[in-house]
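Input: a single structure, listed below in structure tokens.
The values are calculated or read from the model by the stated rules, or taken from the named source; none is laboratory data. This one's a predicted model, so the numbers in the text were calculated from it and none came from an experiment. All accessible areas refer to the heavy atoms of the entire protein, side chains included, with ligands and DNA or RNA removed. Shrake-Rupley method; radii C 1.70, N 1.55, O 1.52, S 1.80 Å.
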Amino acid sequence: MSPCYSQTVNVLANCFKVLIFCIPLKFCLNYSFCLFLLRYERDFFLDVVNGDGIISWGAVNTSRPGELVGFVTAKMVSTQDSEIEDLFSYNCLWEDTTLVYILTLGVADRYRNLGIASSLVQEVIKYATSIINCRGVYLHVISYNQPAIRFYEKMLFNLVRRLPMFYYIQGQHYDSFLFVYYVHGGLSPCSPL
């Protein structure tokens, strides 16, 4: 199932309508540096989003045509090729399983806390559940980003791992938290934390 055929979601927020739909990645690149609380280094961001199989959903304010107010990028990865394969290896019946990895999520400052990020993540989850052999959606959050940590916990993602010195930003190392949202019966036998 192609993610571009997913249903359009309408979000009512402060008397304007926001449409969520699949978008070409080139639109995300134009807006990427103004949407994120975490400032990615340009080369890192371009390496992440220019890979094969990247899927993007965007949110636009319909009262201001063409104004991208948020987007999420994700890609499907083999469970065996992921860094969380060990969380799924306990069930040998699940051969050839996949995961969806959220690469980036950003919403413009003035549109935050209106449900737009939640709607974008729900589109990713809906896409993951449309893939019969998908067992989860996972992502990384830098350890000091408390709003993002609370957001993913509210979205029922499970914190499964802390990765020391995962990020290297402007000459400094930062830890990362790894979150998973399980689908199709994918469930960690126990939390390593």
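The residues His184, His140, His173, sorted by heavy-atom accessible surface at 1.4 Å with ligands and nucleic acids left out, run His173, His184, His140 from largest to smallest. Solvent-accessible surface (1.4 Å probe) assigned to Phe88 amounts to roughly 10 Å². For Phe166, the residues whose modelled amide H falls within less than 5 Å of its own, excluding neighbours fewer than 5 places apart on the same chain, are Tyr174, Asp175, Ser176.
What is the stretch 106-193 by shape, rounded, prolate or oblate, if you read a ≥ b ≥ c off the alpha carbon gyration tensor as root eigenvalues and call it rounded for a/c under 1.5, prolate for a/b larger than b/c, and oblate otherwise? Verdict is oblate for the stretch 106-193.
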